[in-house]
1. Which whole number in µm²/s is D for the chain by Stokes-Einstein, with the Kirkwood Rh taken over Cα pairs at 10 °C and 1.306 mPa s?
2. Can you compute the helix-only [θ] at 222 nm over the chain? Use -39500 (n - 2.57) per DSSP H run of at least 4 residues, normalise by all residues, nearest 500 deg cm²/dmol.
3. Would you mind calculating the relative contact order of region 38-184 from Cα pairs under 8 angstrom and at least 6 residues apart, reporting the percent as a whole number?
4. When a/c is below 1.5 the answer is rounded, else prolate if a/b is larger than b/c, else oblate, so apply that to region 143-192 with a ≥ b ≥ c taken from the square roots of the Cα gyration tensor eigenvalues.
5. Relative contact order of region 234-307: what whole-number percent is it, with Cα pairs under 8 angstrom and at least 6 residues apart?
6. Calculate how many DSSP beta bridges within the chain are antiparallel, expressed in % of all such bridges and rounded to the nearest 5.
7. If you roll a 1.4 Å probe over the heavy atoms of the protein chains, what accessible area per residue do you get for the chain, in Å²?
8. What number comes out for the charge environment of Lys29, summing +1 per Lys or Arg and -1 per Asp or Glu over other residues with Cβ under 12 Å away?
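The values are calculated or read from the model by the stated rules, or taken from the named source; none is laboratory data. Because the structure is predicted, anything quoted here is derived from the model rather than measured. Here Cβ is always computed from backbone atoms with ideal geometry, including for glycine, and neighbour counts include all displayed protein chains. The area values use the complete protein model at the heavy-atom level, side chains included, leaving out ligands, DNA and RNA. Shrake-Rupley method; radii C 1.70, N 1.55, O 1.52, S 1.80 Å.
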Amino acid sequence: MPKQTLLGLTLTELQEVVKRLGMPGFSAKQIASWLYDKKVNSIDDMTNLSLKHRDLLKDVYEVGAEAPVEAMRSTDGTVKYLYRAGDKNFVEAVYIPDEDRATLCVSSQVGCKMNCKFCMTGKQGFSANLTANQIINQINSLPERDKLTNVVMMGMGEPLQNYENVVKAVEILTDGEGIAISKRRITLSTSGIVPHIRDIDRDMGVKLAVSLHASNNEQRSEIMPINKKYPLPELMQACHDYQENHGGYITFEYLMLKDFNDTPAHADELAALMKKYKINAKFNLIAFNPWPGCSYQPSSNNRIHVFSQKLQDYGFAAPIRTARGQDILAACGQLKSKKNGEQTGK
Ligand code: SAH
Ligand code: SF4
């Protein structure tokens, strides 16, 4: 029988494991420390557990850490890592060093069901949810793990459609006995799964980013099918409610699509929308990364700057997000789940 993995278990789950195996309660914290702090690859290395207890553990479990199988370095310092996820699948995580921080963009699913028209991941369809082990392994087995300051759930997949595993991964990420990254340094990006937006603060307490990409209901439905299920007014109300509990600001990602959503009138509409729902918003204006077969084009730099200025005139922060790692196809919407040479339909 294949062994179960220890990496990806929360402290509570580790406590259940040691109890079940008849080990002392304090072993759970010891195991957590070996997994998430010392990052051992084998149960044999957990040397403060007795030999007998290590053997008991090994009967059922393995550590389940796996280094990335491929790394691609961009000229701008971004590194894209390919991790194995199960027998046939791969996922990508993108390491983005900056002057004052180092961020890892983590995947939550292999592919995605949401089918947003502008997204290459969406185009490739859905293969699988990642387990908590496979989410945490992207972070724990990162070669630059010790330099990491921030995590964004903005890689492949819709994190709120893999809710349980994402909640577990965040628990491990933020637990002092786990990876111990502050909740304020973790951002979850969603296309707008409204019922779960209401749960984020209670279950995770991380920062919220919403892929908005349109300033009205009609246009949002045109590019994001999820908007038909949870229309813009419901999404805005959920964002308002989240903010009432959480405070701070919500980041709205806004893709700049040429002649579709990039005029000054759209900026006016966005500002009015935030005012109506009393949302303290920050906009990240994202340059669209075109891909073959996609009918949208990126807006001109001039358009993007005018749009950004207009939002700033309304009092919003509206930075223009420069694409990182474009030369290695690591930018937003360019992630894939196959090894090089095995890609199809791209
Ligand atoms: N599924 C989640 C998180 C992953 S997508 C979400 O949609 O929020 C991460 C970000 O990349 C999203 O804001 C998404 O809209 C954006 N994105 C998708 N395709 C893109 C493309 N071709 N160019 C630029 N950004 C893109
Ligand atoms: Fe899925 Fe996000 Fe891509 Fe939409 S933008 S298809 S939700 S990964």
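1. The Stokes-Einstein estimate is 75 µm²/s.
2. For the chain, the value works out to -9500 deg cm²/dmol.
3. The value is 19 percent.
4. prolate
5. 41
6. On the way: 19 of 44 bridges.
Taking every DSSP beta bridge within the chain, about 45 percent pair in antiparallel fashion.
7. 45
8. Details: positive: none; negative: Asp37, Asp175, Glu177.
Within the 12 Å Cβ shell, the charges total -3.
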